[in-house]
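Trainee: Questions regarding the structure given below will be posed in turn.
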Amino acid sequence: MERQNNQLATKQPAKKKIGFFSSMMIVMGSSIGAGIFFKSEEVLNNSRGNLILAIFCWIMASIAVISMAIALVEIAGNKKDNLSLVSWNRLFNSRWIAQASKNFMAYITLPLTFFYMPIYVVMTLQDGIGAIANKNASAFNFGTSYDWVIWLAITTLMGLYFLTIPSLFSKIGNIHNVIVLSVKFIPLIFIMIIGIVLAISGKGGADNIKITSFEKFDDIKIGAGLIRYNHLGGFIGIFISIGSIFFAYDGFYIAAGMQTEMKKPEKTSWALSLGLIIITIFYILIAISMSINGGSFSSMLQYIQSLLGQKVGRIIFGLINIAIAIGVMGVINGFSMWMPRYIESLLAEGELPFWEKFISKLNPNRPTVGVIYSVIIGLGSNIIFTIIGATLYISTNNDYLKYTDGMARLYSFTDLIANWVTVFTFVFIAFAILGAIKNRKNQKIKIKQKVKFFSLFAYITVFFVSLSMLALILIPIIDLFMTIGFDHNSYMHWKNATYSQAHQFFIGLVVGRTMLVVMLIIFHVIVFASDPIQNCFHKQKYGSIEKFHQHRNLILQKYPSPYTQT
């Protein structure tokens, strides 16, 4: 998750080459984040509560990630700048794909990162503060019907701080990184150890786990989605789980470009592989620890209290949650230090609106223009998506109801959005890998360092990413059509509800699933239709696309990019 810490855009002086062990640490440092805490339970639920299937999903996802990392070694070393996957697609793919990846990073990744990351901070803070402050260790709430509005104000201020202070004053951002680094491994180690201790002591939830059986199917008559329905849903759930697991690894691909910094570049693949294998083992142990003790760290509270005592258990639980929140803030901090410079890199190439007005004011050392863009886009989207999630979506996880109804809706919506952003990112990386496969055949681009068995790793990557993306696209659409099968009488019978309650649930179900499909369409329109729309505008204003390019090139020659790396 912490890809951003390795992407500062300022030119660096010649550095001492890094060794094998150091490079492996870079891989682990850029990959290990807080994603495991938010996705372990989701993977278990998608696996119908079966621990073996959940572990299988983690292993399959890790194979996909390791294959992608090794394939990227051949790609990333050919382009060294601040644009990562955008540059890779420019090099190996058509302008259409490259522009789509640019639109995705600028108009989807930036806005939604500053939506879902602060929300995850709030979730862990609610658990942490509540455990310490409340004798019953209940989640912290403000006690109003509109708690989500108060939390929205807090996440907005959080985003404003991180998008301005660390971005403009890198020393403060680096201090944040040191603080985060000192605490982010504490929750990981604690959960892994406490899970094993709980299992050995018999005070955990190991007796409740399913090894050979699965949770019973839910009926579409009471609002079940495809994943919860029949064997087909269980099979598709595997690829949804893989997409969720990608979120826990998000950031590893930045390390793929480090071979130019290594003493022995030919060992880059080994460094990536071993680093990611170690992370995978670590993640699986943590996932097992949480899965056998309630599914998530939040659900482990009662087991920790049974082992350590009520008061000590809830205080430790609270402190670990606060440490997790600090870890997520570290991700926001790193992203904040990178994104304004990424924005300015695009402005320096005339690739974003109003670039002509700001091209002479770009500064990698203090990216004020990039910060302004980031604040407008990031905070604006945070407000819009929070309102949508808290008021229009439905709660898909009953455990979230302890945070109040509005926050339960918002957290369910956040889980989905986070998965979409990560899988979309991996899709564009897969596009770059597909382009590199074609390049192996036509040899149009000279590769600095070829990777053995590149085609094998490349096709494994494309296979898993494609199926994950396909599942994420199809399930919201299928779930919407499945609302036709909803039966008020069945819901009233199984949920012991009145007709009014059943009808209210049905309306919420239809609105939530419809909104989800609409959001999916908007995603694709923003990513793939933005460039054609801009071309129409340029054609109308300048007479033709060629004349616009001539106009832009004249200005770019006058103001060379301060982000160009030699």
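Bear in mind these aren't lab numbers, they're just calculated from the coordinates by the rules spelled out. Worth saying up front: this structure is predicted, and the values here are computed from it rather than measured. No Cβ is skipped: glycine too gets one built from the backbone with ideal geometry, and neighbour counts run over all protein chains shown.
Trainee: Among the residues of the stretch 406-445, which ones are assigned to a loop (DSSP other than H, G, I, E, B) and touching a residue at least 60 places away in the same chain (Cβ under 8 Å)?
Mentor: Listed by number, the list holds a single entry, ILE445.
Trainee: Name the residues in the stretch 100-127 that are under 11 Å from the mean Cα position of the chain (by Cα) and among the polar types (S, T, N, Q), would you?
Mentor: Selection gives THR109, THR113.
Trainee: ALA100 - would you say it is farther than 21 Å from ALA34 by Cα and assigned to a helix (DSSP H, G or I)? Explain how you work it out, then say what you get.
Mentor: Values: farther than 21 Å from ALA34 by Cα: yes; assigned to a helix (DSSP H, G or I): yes.
Yes: the conditions hold for ALA100.
Trainee: Taking the stretch 285-330 only, how many residues are surrounded by fewer than 19 Cβ atoms within 10 Å (Cβ to Cβ), farther than 20 Å from VAL122 by Cα and either within 19 Å of the chain's Cα centre (by Cα) or of a type outside the set (A, V, I, L, M) (or both)?
Mentor: Summing the residues that are surrounded by fewer than 19 Cβ atoms within 10 Å (Cβ to Cβ), farther than 20 Å from VAL122 by Cα and either within 19 Å of the chain's Cα centre (by Cα) or of a type outside the set (A, V, I, L, M) (or both) in the stretch 285-330 gives 5.
Trainee: Restricting attention to the stretch 83-109, and to residues there that are of a type outside the set (Val, Ile, Thr) and under 14 Å from THR422 (Cβ atoms), which single residue is surrounded by the most Cβ atoms within 10 Å (Cβ to Cβ)? Show your work before the answer.
Mentor: First pass over the stretch 83-109, keeping only residues of a type outside the set (Val, Ile, Thr): 83-85, 87-96, 98-107.
Now narrow it down to the ones that are under 14 Å from THR422 (Cβ atoms): 85, 104-105.
Working: LEU85: 27, PHE104: 23, MET105: 22.
Taking the candidates together, the pick is LEU85.
Trainee: Let me ask something else. Is it true that ILE387 is surrounded by fewer than 24 Cβ atoms within 10 Å (Cβ to Cβ) and over 30 Å from ARG90 (Cβ atoms)? Full working, then the answer.
Mentor: Details: surrounded by fewer than 24 Cβ atoms within 10 Å (Cβ to Cβ): yes; over 30 Å from ARG90 (Cβ atoms): yes.
Criteria met by ILE387.
Trainee: State all residues of the stretch 505-550 that are small (Gly, Ala, Ser) and under 30 Å from PHE413 (Cα atoms); if no residue qualifies, say none. Let's see the steps before the verdict.
Mentor: Keep residues of the stretch 505-550 that are small (Gly, Ala, Ser), which gives 508, 512, 529-530, 543-544.
Listed by number, the residues that qualify are GLY508, GLY512, ALA529, SER530.
Trainee: With the requirement that a residue be of a type outside the set (A, V, I, L, M, F, W, C) and within 19 Å of PHE424 (Cβ to Cβ), what does the stretch 47-94 give you?
Mentor: Result: SER67, SER84, SER87, ASN89, ARG90, ASN93, SER94.
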